[in-house]
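Visitor: Just dropping this structure here.
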């Protein structure tokens, strides 16, 4: 029993090996782990270097602050304002955030994470000391004049340090951008790795599923001649792409099978039971998913002939029944009624 099927194109080369294997996956994991550790080390090195540079700037600013506090007019600003002792009842209404050098020193020495993060925060508090005094005291007051003088000295020294501060901030900004890019690349690499691992797992699952299906099919009964005939007819109803896939199933179990030209002849009887049942499962699945279409001309003629035959049989049966009824009626009339 042979069937001829038309082809579009057919690649009979099949591989049961998944795209990835355990060795390749392990190498990918090791490589990803090494890259991840390297990125972590790079980030740690950058953060350590940035912290060291910031500490150096803080020391330089600390030197400036010590110079200011050693000035002869620094006394009123070394400790918090004695609001109650001086009777400054409106002080907290005028000054929103009091500040003094002892508070700054405590914050600079803090080890619990509440200290200054950078030199700009520290310099802002130094300015706040003098601006509070300028704001609360009248221009003619000594404290007001002292604060203006010390603020001017501080700003002069700050301008000398400012180029280094600007350079460090620019460097930190560039490093932050690089770190963000590294994080983005790391995330993309992690997502790609997850996708690859999932693909490998799905490939292995498909391979095990195929092996299990083959094991089940090998235990199936032999296919009858009528079933083989129906299988061949069903395959012919497939789309060209699905016919190619059906022929690939044949090629997987028959190394000598080749599809050359636009048509190929397949001997159903020459196929193994495994191939036949695999074909049957494939065809059943594909035909169930195909959109329903009107029957072909051959199928239409077959249906028409079958309907005509049924009508002829029905008409013949009707004539037989009518004749039987007529004979029965004639016999009844020929009988005479009793006297």
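Visitor: Along Cα→Cβ, 7 Å out, is where each label goes; now give me the distance between the ones at residue 205 and residue 226 in nm to one decimal.
Guide: About 4.0 nm separates the two model spin labels.
Visitor: On a C-alpha basis, how far is the centre of the stretch 96-155 from the centre of the stretch 224-243 in Å? Whole number, if you could?
Guide: That distance is 92 Å.
Visitor: Still on this model: Please compute one quarter of the surface area of the Cα convex hull for the stretch 122-252 and express it in square nanometres.
Guide: On the way: hull surface 74.7 nm².
Averaged projected hull area, Cα only: 18.7 nm².
Visitor: What spacing in nm lies between the two simple spin-label points modelled at residue 181 and residue 72, each 7 Å away from Cα in the Cβ direction?
Guide: Rounded to a tenth, the inter-label distance reads 5.7 nm.
Visitor: While we're on this one: Compute the semi-axes of the equivalent ellipsoid of the stretch 22-195, taking the square root of 5 times each eigenvalue of the Cα gyration tensor, and list them largest first in whole Å. Write out the running numbers ahead of the final one.
Guide: Details: eigenvalues 484, 56, 34 Å².
Ellipsoid semi-axes (Å, largest first): 49, 17, 13.
A short reminder: the numbers here are calculations on the coordinates, not readings from a lab. Please read all numbers here as calculations on a predicted model, not as lab measurements. Note that each Cβ is placed from the backbone with ideal geometry, even for glycine, and that neighbours are counted across all protein chains shown.
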